[in-house]
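The values are calculated or read from the model by the stated rules, or taken from the named source; none is laboratory data. All values derive from a computational prediction rather than experimental measurement. So basically every Cβ, Gly included, is an ideal-geometry build from the backbone, and we count neighbours across all protein chains shown. Accessible surface areas use protein heavy atoms only, side chains included; no ligands, DNA or RNA. Shrake-Rupley method; radii C 1.70, N 1.55, O 1.52, S 1.80 Å.
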Amino acid sequence: MANRQLPLLPVDQPSGCPPVILDERLRGTRFVSLTPNRVLNSPKSTGMDYWSLNPYVGCEFGCSYCYARYTHRYVVERAHDAGKLTDAEFADYRGAHGWEAFEKRIFVKEHVVGALEADLKRVPLGQCIVIGTATDPYQPAERRFRITRAVLQRLTRCEGLSFGIITKSPLIARDCDLLVRLQERNEVQIHISLITHDAKLARKLEARSPVPAARLRALRKLVDGGVNAGLIVAPVLPGITDDVAHLDALFAAARDAGARFVHAGALRLYAAVRDRFLPVLGEHFPDLVPRYQRAYARQAGAPQEYARALSRRVEKLRRKYGFKNHPGMIDRYRPAKMPVQGELELRGSLP
Ligand code: SF4
């Protein structure tokens, strides 16, 4: 099962009801109702060190390097196995290669608050819940369905927990009021996700994500509103966004936007990511394809020497821009088995 291949990712439960189409866009995207039995994925079920919650399955932003595509395939395959999808529906909800539907058939977890109410009883005090580990909780669907906002409204009644949100969308600034309330009795870390300040490069790699400037403006709004927010630079793409100039520009932008922290991590090339990412890499950076294929031939994680060199580079930039190196959510991933060969050299000279 895909879950065994990707133990870092959450598992969502399909509903007891057949899917209902809630809306459809001109370009063909459909929004489908999903009523999950539970919404909080435990650390044990995902292999992550925290609980996770994803208000949607699938993501219209369609980043080529996205590791979450398998979660969509898993929901569709389970629904088909349970007889809730005909073969024709299965073909449509899965897509020709198993990755396209993640961007065009978005499952909306309606009535999420009832399941959340029961799930919260399982979370011990002091533990961390991260929203948006396998979808963007503020993707375009959220503007209409407001599932993430409903979740936050319920969570503001919690006390003594730690919450993280990961998003590329400026729509998160809409919920600044709730985040401030959430922070009154809990620890909160908002991660605005940005891999490059270069809008043209972002568009090559992320089909429909908000432009970098809009994300940085949202970061500024959150920080000005008193929310503990920073930047997450993940994945850093070897040979594309890992040079000193590129990372330095991101750190400078983070500082200018008032970020409280910056975290960064190298690409993990899971099996489910390769089919989507390598053709995009071949289209825009053909010279890099053989290097990626060699470096990630036997494992999903970046080569150990590369990861260490990147950490040193990031740490030097943290010091330069006055950010503290406190552990963030990205650092709480359980370490993947990494190879020792150094197939991917960092661009530019090492710090
Ligand atoms: S925004 Fe996040 S969840 Fe959505 S496609 Fe991009 S990486 Fe995946």
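A simple count of charges around ARG146, restricted to other residues whose Cβ falls under 10 Å of its Cβ and scoring Lys, Arg +1 and Asp, Glu -1, yields +2. Computed from the Cβ-Cβ distance with R0 of 56 Å, the FRET efficiency linking ALA245 to VAL113 stands at 0.75. The heavy atoms of VAL180 present about 50 square angstrom of accessible area, all protein chains included, probe 1.4 Å. Out of TYR292, LEU201, ALA229, whose Cα points farthest toward the positive end of the dipole of segment 200-339 (charges: +1 Lys, Arg; -1 Asp, Glu; placed on Cβ)? Looking along the dipole axis, the top candidate is ALA229. Only beta bridges with both residues in the chain are counted; by DSSP, about 25 percent of them are antiparallel. The fraction of all Cα pairs in the chain landing in successive 20 Å bins from 0 to the largest distance is 31, 61, 9, given as whole percents. Rounded to the nearest percent, how much of the accessible area of segment 122-224 (1.4 Å probe, protein heavy atoms only) is carbon and sulfur? Answer for segment 122-224: carbon and sulfur cover 50 percent of the accessible area. Computed over protein heavy atoms with a 1.4 Å probe, the accessible surface of segment 2-332 works out to 39 Å² per residue.
Rounded to the nearest 20 debye, what is the charge dipole size of the chain about its Cα centre when +1 sits on each Lys and Arg Cβ and -1 on each Asp and Glu Cβ?
For this selection, approximately 540 debye.
Could you compute the net charge surrounding GLY132? Neighbours are other residues with a C-beta less than 12 Å from the C-beta of GLY132; K and R count +1, D and E count -1. Summing Lys/Arg as +1 and Asp/Glu as -1 gives -1. Dipole size of segment 57-137 about its Cα centre, with +1 on Lys/Arg Cβ and -1 on Asp/Glu Cβ: approximately 240 debye, rounded to the nearest 20.
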